[in-house]
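The next block holds one structure in the form of structure tokens; read it before the comments.
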Amino acid sequence: MVAIVYQTDKRSGITYAYESISLWDKEKQQSRVKRRLIGRVDKITGEIVPTDGRNRKKRDASLSEEQAPKCTAVASRSFFGATNLFDAIGEKLGITNDMKQCFPEIYKQILSIAYYLILEDSTPLYWFDRWGTLHKHPYGKNISSQ
């Protein structure tokens, strides 16, 4: 038998509507009840507003792309403490300027590889791709192991 059961949450005072189905458990020889949340009951109109139970209304499948929410920001995380320390040491000792004079096109790549080899002393160079995405380094892009 299917019925609609109304239950009020004592903490929030919100009344929810559930679809209640009575079943017989043959193994235990007892009746059981399964409930499925339908929605929350509007206090003013008394209508059942569909929800998923987390105070979110069910998304209408007929929403167009313009109406659907869009993600505009991309979040990322980087480690930069040790590499900033290396940058400061390189500037103070003049190593960065010397590298820039000797290798003007690739000095940032050389510095990035040196940072990687110092920080990850026992890992092979082909893992630089993963390390480079997680750490701030002078070159700022991936360097292939070749």
The size of the Cβ-based charge dipole (Lys, Arg +1; Asp, Glu -1) of segment 81-134 about the Cα centre, to the nearest 20 debye, is 80
Check: in the chain the Lys pairs 8 or more apart or on separate chains whose Cα atoms fall under 29 Å apart number 23
Quick calc, the chain, dipole around Cα centre from Cβ unit charges on Lys, Arg (+) and Asp, Glu (-), nearest 20 debye, gives 960
Most exposed first, judged by fewest Cβ atoms within 10 angstrom, ILE106, ILE89 run ILE89, ILE106
Proxy exposure order for TRP24, TRP127 (fewest C-beta within 10 Å first) is TRP24, TRP127
Placing +1 on each Lys and Arg Cβ and -1 on each Asp and Glu Cβ in segment 2-48, then taking the dipole about the Cα centre, the residue among VAL2, SER22, GLY46 whose Cα reaches farthest towards the positive end is SER22
Most exposed to least, judged by fewest other Cβ atoms within 10 Å, SER112, SER122, SER22 sort to SER122, SER22, SER112
Rounded to the nearest 5, the percent of DSSP beta bridges in the chain running antiparallel is 95
Over the chain, the sum of -39500 (n - 2.57) across DSSP H runs of at least four, divided by residue number and rounded to 500 deg cm²/dmol, gives at 222 nm -8500 deg cm²/dmol
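Only the coordinates and a few stated rules stand behind these numbers; no lab work does. The shown structure was predicted, so the numbers you read here are calculated from the model rather than taken from an experiment. Virtual Cβ from ideal backbone geometry, glycine too; neighbours counted across all protein chains shown.
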